[in-house]
1. Applying the selection to region 34-56, what residues are surrounded by 16 or more Cβ atoms within 10 Å (Cβ to Cβ) and in a loop (DSSP other than H, G, I, E, B)?
2. Give me a count of the residues in region 1-30 that are assigned to a loop (DSSP other than H, G, I, E, B), over 19 Å from ASP114 (Cβ atoms) and modelled with pLDDT under 85.
3. So, PRO73, is that one assigned to a loop (DSSP other than H, G, I, E, B), at pLDDT 80 or above and not hydroxyl-bearing (Ser, Thr, Tyr) or not?
4. Sort out which residues of region 12-23 are within 17 Å of the chain's Cα centre (by Cα) and over 18 Å from ARG111 (Cα atoms), and write them in order of number.
5. Tell me, please, whether a residue that is loosely packed, with under 13 Cβ neighbours inside 10 Å and either in contact with a Lys or Arg (Cβ under 7 Å, 6 or more places away or on another chain) or modelled with pLDDT of 80 or more (or both) can be found in region 81-90.
Amino acid sequence: MKLFVGIDVSSQELEACFMNPDGDTIESFKVENNLHGASHLRDRIVAAADKLASTEIHIGLASTKSVRPASSPKLAISAGEFGGYCRKKYAEVPKHQHKRALVLTARKLVRLADVLLRNDQLYTPRKKVTAAKD
């Protein structure tokens with residue numbers, strides 16, 4: 001089983017949400033954005049993975065400035081590039097919108113990062129195509 005972890009980073013706290021592959025929330029909580037909070041978050045991730053007998057853990061980070069998979073410091077993607085997808089997922093359900101949108105967007109980002117790293121490719125954002133004006 002895969003465990004998906006979305007972490008929303010702010011200057012004061014980290015908001016984490018654990019989800020299964022079906023997008024169901026397993027657990028969500030907040031910790032302080034400091035060494036103690038990060039250690040607690042790490043311990044909770046490991047405990048959840050052990051409890052679910054997870055064979056893979058996918059982690060995505062989101063902040064107001066950038067989105068970056070935790071395992072890849074060389075890959076940074078502007079949060080704006082995934083904003084439309086995140087808003088779409090937010091609007092799809094009436095409950096737990098923020099958590100679901102965060103984790104599903106993080107999962108999409110982790111999949112992209114995985115493909116790029118496996119193929120040793122650099123990320124290039126999609127270019128918007130606009131109709132030419134006469």
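The values are calculated or read from the model by the stated rules, or taken from the named source; none is laboratory data. What you are looking at is a predicted structure, and each value in this text was computed from that prediction instead of being measured. A quick note on method: Cβ atoms are made from the backbone with ideal geometry, for glycine too, and the neighbour counts reach across all protein chains shown.
1. SER54
2. Pass one, region 1-30, residues assigned to a loop (DSSP other than H, G, I, E, B): 1, 10-12, 20-24.
When the remaining residues are screened for being over 19 Å from ASP114 (Cβ atoms), the result is 10-12, 22, 24.
Restricting the remaining residues to those that are modelled with pLDDT under 85 gives 10-12, 22.
Residues flagged as assigned to a loop (DSSP other than H, G, I, E, B), over 19 Å from ASP114 (Cβ atoms) and modelled with pLDDT under 85 within region 1-30 amount to 4.
3. no
4. Let us first name the residues in region 12-23 that are within 17 Å of the chain's Cα centre (by Cα), namely 13-23.
GLU13, LEU14, GLU15, ALA16 - these are the residues of region 12-23 that are within 17 Å of the chain's Cα centre (by Cα) and over 18 Å from ARG111 (Cα atoms).
5. yes
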